[in-house]
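Each remark here refers to the structure printed beneath this line.
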Amino acid sequence: MAEANKYYGTGRRKNAIARVWVMPGTGNVTINKRELSEYFGKKTLEMIVRQPLVLTSTLDKYDVVASVHGGGTTGQAGAVRHGVARALVQADAELRPALKEAGFMTRDPRMKERRKYGLKKARKASQFSKR
């Protein structure tokens, strides 16, 4: 197989990390060796993964193969979207402005806040009583 036709992008969101390969094809999306609808199940998550392809009108021009681990389903979908956007820029640099304006090239910095000592959770404290 010709390696020149494979474009790679790493996507991250929360604790999820996705390794994404984009190659010329018919629009098949495979995540962890399973079809997109079989892996995520929810239509909203499928839509999130396809957003960069729909925005750039390349939905039926590329096949997507992704390997994703960590985090939950929403974080994984966001990570795959980030990886697909980065891989599309590798394939065609002219797509970058549109993807960047839509916010697909930016890594979402929101993470779970760490637990602080003396508290039950990150911000939850035990109930205060004066007496």
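Worth pointing out:
- Relative contact order, whole percent, for the chain stands at 32, derived from Cα pairs under 8 Å and 6 or more residues apart.
- Pairs exceeding 29 Å between alpha-carbon atoms, taken from LYS100/LYS124; LYS43/LYS121; LYS14/LYS130; LYS14/LYS121; LYS42/LYS112; LYS33/LYS121: LYS100/LYS124; LYS43/LYS121; LYS14/LYS130; LYS33/LYS121.
- Estimated FRET transfer efficiency when R0 is 30 angstrom, pair ALA122-HIS69 (beta carbons, to 0.05): 0.80
- Between ASN15 and GLU101, the modelled label-to-label distance comes to 3.7 nm, taking each label 7 Å out from Cα in the direction of the beta carbon.
- Distances between placed amide hydrogens fall under 5 Å for ILE31 paired with LEU36, ALA66, all partners being 5 or more residues away or on another chain.
- For the chain, the spread of Cα positions along each principal axis, largest first, Å: 73, 31, 25
The numbers here are math on the coordinates, done by the rules we state, and not lab data. All values reported here derive from a predicted model rather than from experimental measurement. FYI the Cβ positions are ideal-geometry reconstructions off the backbone, even for glycines, and counts take in every protein chain you see.
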